[in-house]
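See below for the structure under consideration.
The values are calculated or read from the model by the stated rules, or taken from the named source; none is laboratory data. Computed from a predicted structure; not experimentally measured. Every residue, glycine among them, receives a Cβ derived from its backbone with ideal geometry; neighbour counts consider all protein chains shown. Surface accessibility is based on the protein's heavy atoms, side chains included, excluding ligands, DNA and RNA. Shrake-Rupley method; radii C 1.70, N 1.55, O 1.52, S 1.80 Å.
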Amino acid sequence: MLRLFIEVLCLVTGLQEVFQKHSFVGCVSRKHSLIQHDTKLYLLNSFLLSKELFYQILLFDFGNLGVMKLSTEVPIYRLAMLALDCSESGWSETDGPKEELAKYIVDFLETQSEMLLDYFSLHIKNGKLYSLPLILDNYVPAMEGLPMYILRLATEVEWDSEKECFKSFCRETADFYAMKPDSLPDESEEQLQIAADSMEINSSQLSDAETVATRRQSWKWTTEHVLYPAFRSTLLSPKRFADNMSILQIANLPDLYKVFERC
């Protein structure tokens, strides 16, 4: 039903041809890139588009996702404690001791582990994280965000309703995987170490596993050669893209030529 809803939404927009037949021009920043379609130049929000791309792939490849195996399993308790130490978690003393909350997160996600592995290739066993879904070939999410992702899986996913569970899980996962505009502002040394350990992906699953430093230097390559080809071949563009500034026409080349002729 969720997949059908996406397909119906995309029938009412004229943006699909722009995505399918565009030419990549270049990166403006981590958040924005330029493409050309026909004689028009567009500014695209790579963060919002990548988030929608990953959401759609999770829905359409439901139960058939690849596996991104971590070279070193990571304790869920450690991830939960790191997340609770971040201001983004919103933790306060009225929520109770962090240690108790972290233990609850470990126990709760363990109860969902079979479903997470079968449907989304997210492997949790004996309180440790062993793998993440391989959503897009040659793409590794920013692993600094892994602690907050684990926390939000336990607290923000609607586990009591099947439809809402899949929808909210896919949204949280897509947000974690999306090309972030900047590095996370309050990443700790321990978060960076987890990122470095986790990104040593099994070579049989991902040929170009990157260290954190390499990833930060290669975001332009990833944007041009991984994300935008996927936008072209896979992304269905909902109508809201035209309303939320995900795609913005900034120039029409014939009009620019006229301006130059007058100069």
- Determine the order of Lys163, Lys51 by accessible area, beginning with the largest, at a probe radius of 1.4 Å. Lys163, Lys51
- Message: At a threshold of 8 angstrom on Cα-Cα distance, excluding pairs fewer than six apart, so keeping six or more, what relative contact order does region 59-169 reach in percent?
- Response: 35
- Going by average Cβ neighbours within 10 Å, how do the peptides 31-38, 243-250 rank, with the highest at the top? 31-38, 243-250
- Task: Report the full-extension gain for the segment Glu158 to Val25: residue separation times 0.36 nm, less the Cα-Cα distance, to one decimal in nm.
- Result: 43.9 nm
- Could you check how many percent of all C-alpha pairs in region 1-131 are farther apart than 25 Å? 52
- Message: Going through the cross-link list Lys31/Lys128; Lys51/Lys167; Lys69/Lys128, which pairs have a Cα-Cα distance over 23 Å in this structure?
- Response: Lys31/Lys128
- Message: Keeping all protein chains in place and using 1.4 angstrom, which order do Ser87, Ser168, Ser92 fall into by accessible surface area, from largest down?
- Response: Ser87, Ser92, Ser168
- Note on the structure: With Asn126 itself left out, Lys, Arg at +1 and Asp, Glu at -1 over residues whose Cβ is under 10 Å from its Cβ give 0
- Task: Determine how large the accessible area of Phe166 is when every protein chain is in place; take a 1.4 Å probe and give Å² rounded to the nearest 10.
- Result: 30
- Note on the structure: Heavy-atom accessible area of Trp219, protein chains in place, probe 1.4 angstrom, given in Å² to nearest 10, is 40
- Query: Around Arg171, what is the net charge, scoring Lys/Arg as +1 and Asp/Glu as -1 over all other residues with Cβ under 12 Å from its Cβ?
  - Reply: -3
- Ser92 and Asn126 label points (each 7 Å along its Cα→Cβ direction) are spaced in nm at 4.0
